[in-house]
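Some notes on the structure that comes next.
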Amino acid sequence: KKMSCAALLDDKVRPKSMSRAKKWTDEVENLYRFQQAGYRDEVEYKRIKQVQIDRWPETGFVKKLERRDNTFYYYNRKRECEDKEVHKVKVYAY
């Protein structure tokens, strides 16, 4: 069942479960970037920062994220999450 945007922006929305990524995908790449910047995922980032997310047009990967301390992380257009890092990425289900 899909969540509405309003529900996802609601502070009370918590992930129902968490699993670890097993292989690299575009989704895992973006989760890796959000988690490096100190967020669970895009849902949490949008709720806290309430900004549009800059993405690389060629890949759709996140280009820039603002950390909680208001500094920025900038990411390459190419893959950054190496195979040895994939198992550290947390995948949340709502």
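When region 49-94 is examined, which residues are found to be β-branched (Val, Ile, Thr), open to solvent by 60 Å² or more (accessible area, probe 1.4 Å) and either closer than 20 Å to Arg20 by Cβ or modelled with pLDDT of 95 or more (or both)?
Thr71
Is there a residue being at pLDDT below 95 and either in a strand (DSSP E or B) or of a type in the set (Ser, Thr, Tyr) (or both) anywhere in region 36-46?
Within region 36-46 (the criterion being at pLDDT below 95 and either in a strand (DSSP E or B) or of a type in the set (Ser, Thr, Tyr) (or both)), the answer is no, since none of the residues qualifies.
Being among the charged types (D, E, K, R), crowded, with 16+ Cβ neighbours inside 10 Å and part of a helix (DSSP H, G or I): is that true of Arg33 here?
Yes, satisfied.
The values are calculated or read from the model by the stated rules, or taken from the named source; none is laboratory data. Just so it is clear, the model here is predicted, and its values are computed rather than measured. Here Cβ is always computed from backbone atoms with ideal geometry, including for glycine, and neighbour counts include all displayed protein chains. Each accessible area value is taken on the protein alone, full model and side chains, heavy atoms only, with ligands, DNA and RNA left out. Shrake-Rupley method; radii C 1.70, N 1.55, O 1.52, S 1.80 Å.
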